[in-house]
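Trainee: One structure, pasted below without further comment.
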Amino acid sequence: MAHGNSLRYFPLNELLGPNGVQTKVTSDGSIARYKARLVAKGYNQVEGVDYFESFSPVAKSITVRLFLGIAAAKSWPLFQLDINNSFLHGHLDEEVYMDPPERYLAAKPGQVCRLRRSLYGLKQASRQWNLELTTKLLNYGFTQSAHDNCLFLKHTGSDFIALLFYTDDILLTGTSKTSLHNVKQYLDGLFTIKVRLG
């Protein structure tokens, strides 16, 4: 994270604390693996100081049903994508400070981190990710639906693409496999994606 300009150091007294490692277990209760993820203790955030807005829209259930129904009725290809570490892509507008993680040797005693990007655990993390993805989709030429903020449409001649997202899960369909592939490449160039279906 230090190499991606996510952290800078400032002396400060009041700040958020970090949290760390999760254990992934299998269905029988044995340990599958350990997963390290730096998260902020967002429950200590103060509205108007560490964050101003936290609302983030999600796709409406009727939109999901219509989206899947139209894709099936038209026999269009359908892809389900997952954005890896989505909340880490959001840029922070507020000044948010956090203790450095334990055993993080780059920080000197008395220094803290100023977060420049969002972290899991922050109250505004989902909102900042939503704003980042929306901006990137609009830059690609999509139009945001007036009826569902998570639905994006793109018409180019006879080509049509529809994209619907729910936090970091994306459904993608349309008339041309080539155009859909181009959207997947665009998203993978910005964020790392996993193709779950398609």
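Trainee: Taking all pairs of different Cα atoms in segment 143-191, averaging 1/r and flipping that mean, what Kirkwood radius in angstroms comes out?
Mentor: Values: mean 1/r = 0.0884 Å⁻¹.
Kirkwood radius, segment 143-191: 11.3 Å.
Trainee: When all alpha-carbon pairs of segment 70-166 are counted, what percent fall beyond 18 Å?
Mentor: Values: 2838 of 4656 pairs.
Value for segment 70-166 (Cα pairs over 18 Å): 61 percent.
Trainee: Going down the list Lys123/Lys177; Lys35/Lys136; Lys74/Lys136, which pairs span over 31 Å between their C-alpha atoms?
Mentor: Values: Lys123/Lys177 37 Å; Lys35/Lys136 29 Å; Lys74/Lys136 27 Å.
Going by Cα-Cα distance, Lys123/Lys177 fall outside the 31 Å limit.
Trainee: Still on this model: Relative to the longest principal axis of the C-alpha atoms of the chain, give the angle of the C-alpha long axis of helix 61-74, reported between 0 and 90° and rounded to the nearest 10°.
Mentor: The angle comes out at about 40 degrees.
Trainee: Assigning unit charges at the beta carbon (Lys, Arg +1; Asp, Glu -1) and nothing else, what dipole magnitude in debye, to the nearest 20, does the chain show about its Cα centre?
Mentor: My answer is approximately 580 debye.
Trainee: Below 8 Å, C-alpha to C-alpha, sequence gap of six or more: please give me the relative contact order for the chain in percent.
Mentor: Numbers: 353 pairs, mean separation 53.9, N = 198.
Taking the mean separation of contacting Cα pairs over the length of the chain, I get 27 percent.
Trainee: Quick check on packing: order 121-130, 61-70, 103-112 by the mean number of other C-beta atoms within 10 Å, highest mean leading. Working shown, then result.
Mentor: Values: 121-130: 22.7, 61-70: 13.6, 103-112: 10.9.
Result, highest mean Cβ count within 10 Å first: 121-130, 61-70, 103-112.
Trainee: In the neighborhood of Leu131, defined by Cβ-to-Cβ distances under 11 Å, what is the net charge if each Lys or Arg adds +1 and each Asp or Glu adds -1? Walk me through the numbers on the way to the answer.
Mentor: Values: positive: Arg127, Lys136; negative: Glu53, Asp93, Glu132.
Value of the local net charge: -1.
Trainee: For the chain, take N as its residue count and report Rg(C-alpha) divided by 2.2 N^0.38 Å. Please list the in-between numbers first.
Mentor: Numbers: Rg = 19.6 Å, N = 198, 2.2 N^0.38 = 16.4 Å.
Scaled against compact globular proteins, the figure is 1.19.
Just so you know, all these numbers are worked out from the coordinates, no wet-lab data involved. Keep in mind the model is a prediction, meaning the values are calculated, not measured. Positions of Cβ are backbone-derived with ideal geometry, glycine not excepted, and every protein chain shown enters the neighbour counts.
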